[in-house]
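Novice: One structure coming up, written as C-alpha cells, with questions to follow.
The values are calculated or read from the model by the stated rules, or taken from the named source; none is laboratory data. Source: prediction; values computed, not measured. Positions of Cβ are generated from backbone atoms using ideal geometry, with glycine treated the same way; all protein chains shown enter the neighbour counts.
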Amino acid sequence: MKLSAFAHFAAFGMKTILFGRKDPIVGTIILTDKCNLHCKHCSVNNITAAVHPISQIRGEMKTLYSMGVRILFFCGGETFLWRDGEKTLRDLVGEAREMGFLIVNVVTNGTFPLDLPEADLILLSLDGDRARHNAIRGDTYDTILANIRQAPTDNICLYMAINQVNQDTIGAVCRTAMEEPNVRAVSFNFHTPYPDTRALALSREKKAACCAQITRMMEAGAPVFNLRSAFPHLIQNTFPTPCRQCVVMEDGRLSMIPWDYNLAFGTFQTADASAAVNDPGLCGECGYFFAAEYSLLFRGNVRVMADMLRTYLKYI
Ligand code: SF4
C-alpha cells in the first residue's frame, strides 16, 4: 500500500472514531447479476440478468467517490461477464484508479481467465476441496485451479463462504492458498442466511469451531486475510451493525452491509449513506467478516486496529 493511501485511511479512521462520523470508506458496485453459475448458497444470480451500462457504472463510481469511498469492490453476478461494447472489466478497474480510488478489488467465481493485473486483489470464490466446492458451485474446481495457475500476477485472494456443506474444508482451502504461487491470501465469510438459504447457516457452536480451525491454520502459516481479533464478535454476532462505513450500490440504489437484495431490488434510491437502508433482522445474523472488522475498527476497538494494520500492510 502506498504511503499516501495509508495516510488517507489513518486520517479517515481518526476522524470517524473521534467525531463519531458515519461516512463510508468501502463501496461495492454490482456490475451485473448475470452469472454463468447457480451456486447452492446464492440468492442473487440472474434475477434480472441486467448488465449495467458503463455510463451508469461511471455515475455510481463518481457518487461513491464523492461520498468519500476510497476502497472499491466490483461484484456480480459474475464480474468477468461485464461488457459494454469494447469496454471490459479491465477498463473499469483502470477508470476507478484514474478517478482516485486507492484500492480497487474485483470479486469473481474464477471460471474465466484471470488477466487483471491492475486490480489490487482478485477475490476468487473457492468453497472447499474439490468435492465440496463442486457440490456447491457445480463442476468448476479444476477450471478455477487452471485459471489460477495461468494468471499473470499473484494478486489472487481466495474467498470462502463457510456453510453447512463445506465447514470441514477450511484447512483444504488454506493449504491451496499456501501452495499456489499466484494466491496471495485467503479470506473467509460465514454464510449470511438470506430467506431462501437459511438451511445453510451455521450455529454459534459451529462458527466457533470454524474460527478455531482458521486460527490453527494461521498459526501454521496460512496467509489469512482476516482479523483474529474480530472472531469472538463474528461468532456471537456482537459487532455493531450495520457497518455504516461499508455501502453497496446496485442500479443506482444504495444499501449497507449486509446487503439485502430484497431492498436493493425495491424502490429505494438515494445517494446519501446516512439514509441507506438494510434489514435489521439480517444484521443480527451477518456473516461478512469485513463488515465486522470495519465496524469494530471504526468504533475504536484497539485490538482490531492493530490487527488490521498488520494484516493490510502484509497483503495489499
Ligand atoms: S458465482 Fe456468485 S453470483 Fe454466481 S451463482 Fe455463484 S455465488 Fe451467485
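Novice: Look at GLY77 and say whether it is on the phi > 0 side of the Ramachandran plot, outside any strand (DSSP E or B) and either touching a residue at least 24 places away in the same chain (Cβ under 8 Å) or within 16 Å of the ligand (Cβ to nearest atom) (or both). Working first, answer last.
Specialist: Working: on the phi > 0 side of the Ramachandran plot: yes; outside any strand (DSSP E or B): yes; either touching a residue at least 24 places away in the same chain (Cβ under 8 Å) or within 16 Å of the ligand (Cβ to nearest atom) (or both): yes.
In short, yes.
Novice: Would you call ARG184 without any contact (Cβ under 8 Å) to a residue 24 or more places away in the chain and not aromatic (Phe, Trp, Tyr)?
Specialist: Details: without any contact (Cβ under 8 Å) to a residue 24 or more places away in the chain: no; not aromatic (Phe, Trp, Tyr): yes.
The answer is no for ARG184.
Novice: Within the set of pairs 6+ apart or on separate chains, which have a first residue in segment 188-209 that is over 13 Å from TYR288 (Cβ atoms), a second that is surrounded by fewer than 18 Cβ atoms within 10 Å (Cβ to Cβ) and among the aromatic types (Phe, Trp, Tyr), and C-beta atoms under 7 Å apart?
Specialist: Taking only residues 6 or more apart or on different chains, not a single pair turns up.
Novice: What do you reckon, is ASP115 over 25 Å from HIS8 (Cα atoms), modelled with pLDDT under 95 and either part of a loop (DSSP other than H, G, I, E, B) or away from the ligand (no atom under 13 Å from the Cβ) (or both)? So that I can check it myself, show each step before the final result.
Specialist: On the way: over 25 Å from HIS8 (Cα atoms): yes; modelled with pLDDT under 95: yes; either part of a loop (DSSP other than H, G, I, E, B) or away from the ligand (no atom under 13 Å from the Cβ) (or both): yes.
So ASP115 fits the description; yes.
Novice: Is there any pair linking a residue in segment 1-25 that is assigned to a loop (DSSP other than H, G, I, E, B) to one that is surrounded by 11 or more Cβ atoms within 10 Å (Cβ to Cβ) and of a type in the set (Lys, Arg), with Cβ under 7 Å and at least six apart or on different chains, and which?
Specialist: Going by the 7 Å Cβ cut-off, the qualifying pairs are ARG21/LYS15; LYS22/ARG244; PRO24/ARG244; ILE25/ARG70.
Novice: Considering only residues that are under 19 Å from MET178 (Cβ atoms), touching a residue at least 40 places away in the same chain (Cβ under 8 Å) and touching a strand residue (DSSP E or B) at 6+ places or on another chain (Cβ under 8 Å), which ones fall in segment 128-155?
Specialist: The answer is GLY128, and nothing else.
Novice: I need the full set of residues from segment 223-238 which are touching a residue at least 12 places away in the same chain (Cβ under 8 Å), assigned to a loop (DSSP other than H, G, I, E, B) and over 17 Å from the mean Cα position of the chain (by Cα), in order please.
Specialist: ASN237
Novice: Here is a list: VAL26, VAL93, VAL51, VAL69. Which entry is more than 30 Å from ASN134 (Cβ to Cβ), in contact with a Leu (Cβ under 9 Å, 6 or more places away or on another chain) and either β-branched (Val, Ile, Thr) or within 16 Å of the ligand (Cβ to nearest atom) (or both)? Walk me through it before giving the result.
Specialist: Values: VAL93 fails: more than 30 Å from ASN134 (Cβ to Cβ); VAL51 fails: more than 30 Å from ASN134 (Cβ to Cβ); VAL69 fails: in contact with a Leu (Cβ under 9 Å, 6 or more places away or on another chain).
Of VAL26, VAL93, VAL51, VAL69, the one residue that is more than 30 Å from ASN134 (Cβ to Cβ), in contact with a Leu (Cβ under 9 Å, 6 or more places away or on another chain) and either β-branched (Val, Ile, Thr) or within 16 Å of the ligand (Cβ to nearest atom) (or both) is VAL26.
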